[in-house]
Amino acid sequence: MSERRHAGIGRVLIAVYAVLALAATGRSFVQIVQRFDEAPLAYTLSAVAAVVYIVATVALAMRSDAARRVAFAAVCFELVGVLVVGSLSLLAPALFAHDSVWSYFGMGYLFIPAVLPFLGLWWLRASRDREVAA
């Protein structure tokens, strides 16, 4: 497996996923411990997002074909999650009395959750193409 996959933009992408994993984990932990009864759906979704970011971070950092498949699945799940939760938070705001990581397409995180899966999918594709060509 090529070392180029884990250089340059790949390292930045993994770092951004790691930071988002930490932020989402911290947020969901505090929300669930302190106020779970106020908004169980939103807080559970924050925890799901945290798990997805952790899985994506670890899988993107690993150098195997199996890890690439796991990363692809996690990033696709993330994309669907942010699009569905983001849309529902706009169309049915009563479902989200409190924000989750993916509410309003990640507005609370500077819309990084909305952009990150597209970058992740692009990078997985581009790094695969480079490895196949090498």
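The values are calculated or read from the model by the stated rules, or taken from the named source; none is laboratory data. Computed from a predicted structure; not experimentally measured. Note that each Cβ is placed from the backbone with ideal geometry, even for glycine, and that neighbours are counted across all protein chains shown.
Tabulated data
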| read-out | value |
| --- | --- |
| The range 99-115 residues that are under 20 Å from ILE32 (Cα atoms), paired with ones that are of a type in the set (Asp, Glu) (beta carbon under 7 Å, 6 or more apart) | GLY108/ASP99 |
| Given (1) more than 20 Å from GLY120 (Cβ to Cβ); (2) touching a helix residue (DSSP H, G or I) at 6+ places or on another chain (Cβ under 6 Å); (3) crowded, with 18+ Cβ neighbours inside 10 Å, index of the condition PHE36 fails | (3) |
| Residue match in the range 28-46 (condition: charged (D, E, K, R) and either without any contact (Cβ under 8 Å) to a residue 24 or more places away in the chain or at positive phi (or both)) | yes |
| Residue in the range 104-127 that is among the charged types (D, E, K, R), surrounded by fewer than 18 Cβ atoms within 10 Å (Cβ to Cβ) and assigned to a helix (DSSP H, G or I) present | yes |
| Some residue of the range 63-75 being of a type outside the set (A, V, I, L, M) and either at positive phi or surrounded by 21 or more Cβ atoms within 10 Å (Cβ to Cβ) (or both) | no |
| Residue that is closer than 20 Å to ALA126 by Cβ, surrounded by 14 or more Cβ atoms within 10 Å (Cβ to Cβ) and modelled with pLDDT under 95, where the choices are HIS6, HIS98 | HIS6 |
| Pick from the range 93-103, criterion under 16 Å from VAL52 (Cβ atoms) and not in a helix (DSSP H, G or I), ranking: farthest from the chain's Cα centre (by Cα) | SER100 |
